[in-house]
1. Using the Karplus equation 6.51 cos²θ - 1.76 cosθ + 1.60 (θ = phi - 60°), what ³J(HN,Hα) coupling, rounded to whole Hz, does each residue of the stretch A:104-111 give in order, writing x for Gly and Pro?
2. HN-Hα J couplings of the stretch A:48-62 from phi, Karplus 6.51/-1.76/1.60, θ = phi - 60°, integer Hz, Gly and Pro as x?
3. Please average, across the residues of A:40-49, the number of beta carbons from any other chain that are within 10 Å of each residue's own beta carbon, and give a whole number.
4. Using a 10 Å cut-off around each Cβ of peptide B:25-35, what is the average number of partner chain Cβ atoms that fall inside?
5. Amide H of A:Ala48: which non-local residues (sequence gap of 5 or more, or other chain) have their own amide H closer than 5 Å, using H built in the peptide plane?
6. What residues have an amide H closer than 5 Å to that of B:Ser76, excluding those fewer than 5 places away on the same chain, when H is modeled at 1.01 Å from N in the peptide plane?
7. I'd like to know which of B:Met11, A:Cys94, A:Gln108 lies farthest towards the positive end of the charge dipole of the protein assembly as shown, counting +1 on Cβ of Lys and Arg and -1 on Cβ of Asp and Glu.
8. Return the equivalent ellipsoid semi-axes of chain A as a descending list in whole Å, where each equals the square root of 5 times an eigenvalue of the C-alpha gyration tensor.
Amino acid sequence: GAVVSQHPSWVICKSGTSVKIECRSLDFQATTMFWYRQFPKQSLMLMATSNEGSKATYEQGVEKDKFLINHASLTLSTLTVTSAHPEDSSFYICSASGTSGTPSSYEQYFGPGTRLTVT
Amino acid sequence: AQTVTQSQPEMSVQEAETVTLSCTYDTSESDYYLFWYKQPPSRQMILVIRQEAYKQQNATENRFSVNFQKAAKSFSLKISDSQLGDAAMYFCAYRTELIGTSYDKVIFGPGTSLSVIP
């Protein structure tokens, strides 16, 4: 149980275009979802926290107009990278946390990640 | 703001031996949650062990155990009988007690790369 999927797993886009990444909790209700960014050989950096039905809370230094996060349902959150540039190339990871259908309410369950390459 | 520090960028251990990975954190909260995650080359994050701050008893999961010192804000991970499959990046993480609120967040340490020598 507590499976999180991410789609796509790998995407290449041209500079200036937008790309959307989906994060789904497959067998539980995700009241909270987190979005992270990870550069090679570095740690996970929290970008934003989103609670279902509420606006996302962005970490300092993360451009909310560039990284649009939507958590419209208890099983789906999306991250849209708008007007992507090569410096946005990174590995993006989502995680989900919920109170119903999971072994614990404080544990987060991770998606497999999305590798974004902007050319 | 909360911070998490891992002072050992790289560690190595002989197969079947024991290794301890260090983690310290800083917070003004009294209740919170601590985790150790493993990230193999596939980059899929795997939960190793978790600890609720209000519990004094150290968590244990098979070969993995923690030494949680709340006053010292220390949360080290001990891996016993190390196996080749334990080789990975290990991250210590802190989650606030404000779960489900707009203040909810998870902070990761910089990570420790563990090598296991056959």
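1. These are the phi-based 3J(HN,Hα) values: 9, 7, 9, 7, 10, 10, 9, x Hz.
2. Result, ordered by residue: 6, 10, 10, 10, 3, x, 10, 6, 6, 9, 8, 6, 4, x, 9 Hz.
3. So the per-residue partner count for this stretch is 5.
4. Whole-number average of other-chain Cβ neighbours for B:25-35 is 1.
5. HN-HN under 5 Å from A:Ala48: A:Trp35, A:Glu59.
6. Here the answer is B:Cys23, B:Asn67, B:Gln69, since their amide H atoms fall under 5 Å of that of B:Ser76.
7. It is A:Cys94.
8. 24, 14, 13
Every number in this text was worked out from the coordinates using simple rules, so none of it is lab data. This one's a predicted model, so the numbers in the text were calculated from it and none came from an experiment. Methodologically, a virtual Cβ is constructed for each residue, glycine included, from the backbone with ideal geometry; neighbour enumeration extends over all protein chains shown.
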